[in-house]
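The structure appears below as C-alpha cells.
The values are calculated or read from the model by the stated rules, or taken from the named source; none is laboratory data. Here the structure is a predicted model, which means the values were calculated and not measured. When we count neighbours, we look across all protein chains shown, and the Cβ atoms used for this are built from the backbone with ideal geometry, even at glycine. Only protein heavy atoms, including side chains, enter the accessible area calculation; ligands, DNA and RNA are left aside. Shrake-Rupley method; radii C 1.70, N 1.55, O 1.52, S 1.80 Å.
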Amino acid sequence: MPFVAALIGYVTKRVAIEMMFRPIEFVGIPPFLGWQGVLPANAERMATTATQTLTRNLVDPKEVFSRLDPDELAKQIEGPLLEVVEDVTREVMEQYQARLWEALPEGARQLLLNRVRAESPKVIAKIMREISHDVDEVLDLEHMVVKNLVRDKALLNRLIRNISRPEMRFIARSGLVFGFALGIVQLVVWAATKSPIVLPLFGLGIGWFTDWLALKMIFLPREPREFFGLYTWQGVFQKRRDQVAADYGDMIAREIITIPNLLEEVLRGPRSDRLFQMITREVQRTIDTQAGLVKPLVVAAVGSRRYQEMKQAAAVKAAERVPDTIRYAEEYAVNALDVRNTIVERMRRLSPVEFEGLLRPAFRQDEWKLIAVGAVIGGLVGELQVLLLLH
C-alpha cells in the first residue's frame, strides 16, 4: 500500500503538470466537454500579468532606449540607408518630373542625389533622438509582449516551463515521498478496519493533499524558515532566485524583447502613426531645405499642388522603406540595449512577493483544478486497489 500510494502521489503530480501546458488548443467538445492546458487556455490573462511585472519592475523602455547612440545607429545603417534614399529620390523624380529628370545631365543628377544622401544620416539621427526622449509615443512595450505571448501559446508555455523546470521536478518527486508516508498511515488504518472504503478515501486524500502541499512548498515560505529547530525550508522558487533571473533574462531577450519584435511593434503597432508622422515631417523639411533658393522656380515649374504631392510621395516612400534599414544595426542595438543583463539585475532586486509574481499567476487561479484532478485520480486508483483485493 505505501508503494501504491507513492505511485499515486507521483502520477497525480505528473498529470497535473502536463495539464498546465497541454494541449495547446482545446481538445473535445466545446465549451465544457474537453480540456485545454491551463496556461494556453488563459494565455491573455497569464501574459498580461507576467508582462505587468516585466514592464513595471524590470524594463523601463525610456531608460533602455536611451542607451542607443543616434549617431552610431545612423553610422551602422549608412550603407543601406543611402541606397534607399537614392532609390526613393529617383522614383519620385521619375514619377512627377520624368522629362526634367531625363533631361538633366548625369552630373546634375548626381549632385542632387549627393546632397540628399548627405542629409539622410542626420535626419535618422534626429528622429532617433526624438524617439529616445519620448519612446512611449511610438512603442507600447506591454502591448508588444502580450501580443507575442498570446499569438504564440507555445512561447508562453516555454517561458513558464523553462524558468520553473526544477519546480516541476520537485512537485513530481515530492509525490513519491508524501505518498509513501501517507501510504504507511493508510496501511495501518486498513489493517485495523479492513474496510474497503479506506482505500479510495485515502487515494483521494493522497492525490489532493500531496498536490496542494507541493504547490505551496514551491512558493512558501518566502524567506528561509526553521521548523522544529531541526530543518530549514524556503520555497523552491524563492531559493533559486539567481538562476531564475538568469534563465528569465535569457528567454525574454532571446525570444520576446528582440529587435525584430520591437521593429514590428514600432512599424505596425497601435502607436506606429506617430513614427510615420516624424519621418514624414523630417523628410518634407529636408526637401524644402535642399530646394533652398530654387524652390520658387520648382514650384513655378510644377505647380504648388504638384510640389506638395512630390514631398508627400517622398515622405511616404521613405516611411515605408527607411525603417527596414534599422535591421542592419541589429547587432549594435542588441548590445546597446542590453535587455538580458538589465532584467537579471532588476530581478535580483525584487522583493519576495514581486519575485513570486513572475510564476505564481500561472498556478493561482486554476490550481484548484489541478488539485481536484489529483484527488480524482487518487480515488480511482484506490477503487482499483479494492477490486484487486476482492479478487
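Across the stretch 191-200, computed HN-Hα scalar couplings (Karplus, 6.51 cos²θ - 1.76 cosθ + 1.60, θ = phi - 60°) run 4, 7, 10, 6, 8, x, 5, 4, 5, x Hz from first to last residue, x flagging Gly and Pro.
To the nearest 10, the accessible area of Ile184 is 80 Å² with a 1.4 Å probe.
The HN-Hα couplings worked out from phi for the stretch 252-263 by the Karplus form 6.51 cos²θ - 1.76 cosθ + 1.60 (θ = phi - 60°) are 5, 5, 7, 10, 10, 8, 10, 4, x, 5, 5, 5 Hz, whole numbers, x standing for Gly and Pro. For the cross-link pairs Lys194/Lys369; Lys13/Lys216; Lys153/Lys239; Lys126/Lys147; Lys153/Lys317, the ones whose C-alpha atoms lie over 25 Å apart are Lys194/Lys369; Lys153/Lys239; Lys126/Lys147; Lys153/Lys317. Multiplying the residue separation of Arg327 and Leu388 by 0.36 nm and removing their Cα-Cα distance gives an extension gain of 15.3 nm. Put Leu263, Leu380 in order of accessible area, highest first, and with a 1.4 Å probe you get Leu380, Leu263. In a DSSP loop and with at most 11 other Cβ atoms within 10 Å, the chymotrypsin sites (Phe, Trp or Tyr not before Pro) in the stretch 169-239 are Phe228. What trypsin sites (Lys or Arg not before Pro) in the stretch 154-234 are in a loop by DSSP, with at most 16 other Cβ atoms within 10 Å of the Cβ? In loop regions of the stretch 154-234 (DSSP not H, G, I, E or B), the sparsely surrounded trypsin sites (Lys or Arg not before Pro) are Lys194, Arg222.
Here the Karplus curve 6.51 cos²θ - 1.76 cosθ + 1.60, taken at θ = phi - 60°, turns the phi angles of the stretch 74-81 into couplings of 4, 5, 5, 9, 4, x, x, 5 Hz, with x standing for Gly and Pro. Peptides 53-60, 335-342, ordered by how many other C-beta atoms sit within 10 Å of their residues on average, highest first, read 53-60, 335-342. Loop-located chymotrypsin sites (Phe, Trp or Tyr not before Pro) in the stretch 15-72 (DSSP state not H, G, I, E or B) with no more than 15 neighbouring Cβ atoms inside 10 Å: Phe26, Phe32.
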